[in-house]
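Okay, so here's the structure we're looking at.
What follows draws every value from the coordinates through simple rules; no lab data is involved. Only a predicted model underlies this, so the values are computations on that prediction, with no experimental measurement involved. Counting neighbours? That spans all protein chains shown, and the Cβs are built from the backbone with ideal geometry, glycine included.
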Amino acid sequence: MTPTSDGLLSVLYTSNARTPFGDDELAELLAQSRASNAAKDLTGMLLYRGGRFVQVLEGPEKTVRDLVAVIGRDDRHSDMRVLIEQPIVSREFSDWTMGYQPIAETTGAAPAGFRDTFDDLENAHDPSATLRAARELSLWFRVRSARPQPSADAD
């Protein structure tokens with residue numbers, strides 16, 4: 001990869017959790033990641049569902065590559081695969097040291113056009129499918145993050 005003039009890199013990877021993450025474990029992971037990422041000038045998003053992570057990391061090229069290597073050795077992850085790695089001119093997630101949205105498990109059939117798994121992100125026969133899916137996830141994340149959150153006082 002040829003770095004951009006300012007050396008920004010974006011990486012999207014998937015991995016499986018070796019053991020399921022509950023709310024407390026996710027909160028701990030996010031607190032640790034947010035503090036570390038802020039100190040290293042990294043931004044991105046994290047999605048977790050059904051034992052599977054999808055994460056976008058963006059920032060200085062060397063810093064992103066170093067973190068991806070650390071995550072690849074992390075005992076909490078298995079089957080890590082980098083699906084997209086590309087130089088970028090500007091960040092997609094410049095406002096977040098690590099944005100996060102929980103994705104609830106569904107119980108019924110998914111409506112047509114609804115992404116209810118991350119399985120198609122790894123379509124080796126159509127690399128453009130990975131990029132399209134990543135953009136869809138990015139858009140979904142941005143829309144969800146912009147919504148007002150229900151207050152704890154709501155009935």
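Here the label points at residue 78 and residue 90, each 7 Å from Cα along the C-beta direction, are separated by 4.2 nm in the simple model.
Stretching residue 35 away from residue 65 to a fully extended chain increases their span by 9.0 nm, per 0.36 nm per residue minus the current alpha-carbon distance.
What is the local net charge at residue 68, summed over the other residues whose Cβ is closer than 12 Å to its Cβ (Lys, Arg +1; Asp, Glu -1)?
That sum, taken over residues with Cβ under 12 Å, equals -1.
Scanning residues 5 or more positions from residue 88 or on other chains, those with amide H under 5 Å from its amide H are 4, 8, 9, 10, with H placed 1.01 Å from N in the peptide plane.
In order along segment 33-40, the phi-based Karplus estimate (6.51 cos²θ - 1.76 cosθ + 1.60, θ = phi - 60°) of 3J(HN,Hα) comes to 5, 4, 5, 5, 5, 4, 5, 9 Hz; Gly and Pro are listed as x.
Peptides 14-27, 31-44 ordered by packing proxy, namely the average of other Cβ atoms within 10 Å per residue, highest first: 31-44, 14-27.
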